[in-house]
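Since the structure comes first, as structure tokens, the remarks are kept for the end.
The values are calculated or read from the model by the stated rules, or taken from the named source; none is laboratory data. Small disclaimer: the values here were computed from a predicted structure and weren't measured. Virtual Cβ from ideal backbone geometry, glycine too; neighbours counted across all protein chains shown. Note: areas computed on protein heavy atoms with side chains; ligands, DNA, RNA excluded. Shrake-Rupley method; radii C 1.70, N 1.55, O 1.52, S 1.80 Å.
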Amino acid sequence: QVQLVGSGGGLVQPGGSLRLSCAFSRSITSFKSVGWFRQAPGLQREFVASFTSSTSTKYRDSVKGRFTISGDNAKNTVSLQMDSLKSEDTGEYFCYGNDNARNYWGQGTQVIVSS
């Protein structure tokens, strides 16, 4: 059973930074892609960022230039550095891994951007 454990959320003022981390119970190199989605209250879950087995990264347009995704193969972790946070970044953030057979999800970590 693959497990993903997300952490690092919290309350931050607009313009601040947070770093999310996701620990995988299996090597991240065994996944086709890994990354993050988020879900604001009352809205659908949306893609935030990912990188693939070829180390290609993708970001949703609204976070480009502010968020950076990275992976540590030795620790089997995926991180999301979030800078210049805005109120619209508020939501629950879920890490995921896709291995072609299915998606695996972390339990979610809450990010609140508010003054």
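Among the residues of the stretch 52-71, write down those that are touching a residue at least 24 places away in the same chain (Cβ under 8 Å) and closer than 23 Å to residue 5 by Cβ. Listed by number, the residues that qualify are 53, 63, 69, 71.
Each residue in the stretch 2-42 was checked for being open to solvent by 40 Å² or more (accessible area, probe 1.4 Å) and either in a strand (DSSP E or B) or on the phi > 0 side of the Ramachandran plot (or both), and 9 pass.
The conditions are (1) among the hydroxyl-bearing types (Ser, Thr, Tyr); (2) open to solvent by 40 Å² or more (accessible area, probe 1.4 Å); (3) part of a strand (DSSP E or B), and residue 50 fails exactly one of them. Which is it? It fails just one condition, (2).
Does the stretch 64-83 hold any residues that are within 18 Å of residue 8 (Cβ to Cβ), open to solvent by 60 Å² or more (accessible area, probe 1.4 Å) and in a loop (DSSP other than H, G, I, E, B), and which are they? Quick ask: steps written out before the conclusion?
We begin by selecting, within the stretch 64-83, every residue within 18 Å of residue 8 (Cβ to Cβ); these are 66-72, 75-83.
Filter once more, keeping what is open to solvent by 60 Å² or more (accessible area, probe 1.4 Å): 68, 75.
Within the stretch 64-83, 75 is the sole residue that qualifies.
Put simply, of 85, 20 the only residue that is more than 22 Å from residue 1 (Cα to Cα) and more than 11 Å from the chain's Cα centre (by Cα) is 85.
Considering only the stretch 88-103, state which residues are open to solvent by 30 Å² or more (accessible area, probe 1.4 Å) and either within 21 Å of residue 16 (Cα to Cα) or without any contact (Cβ under 8 Å) to a residue 40 or more places away in the chain (or both). Walk me through it before giving the result.
First pass over the stretch 88-103, keeping only residues open to solvent by 30 Å² or more (accessible area, probe 1.4 Å): 88, 90, 92, 98-103.
If the condition is that a residue be open to solvent by 30 Å² or more (accessible area, probe 1.4 Å) and either within 21 Å of residue 16 (Cα to Cα) or without any contact (Cβ under 8 Å) to a residue 40 or more places away in the chain (or both), then 88, 90, 92, 101, 102, 103 are the ones that fit.
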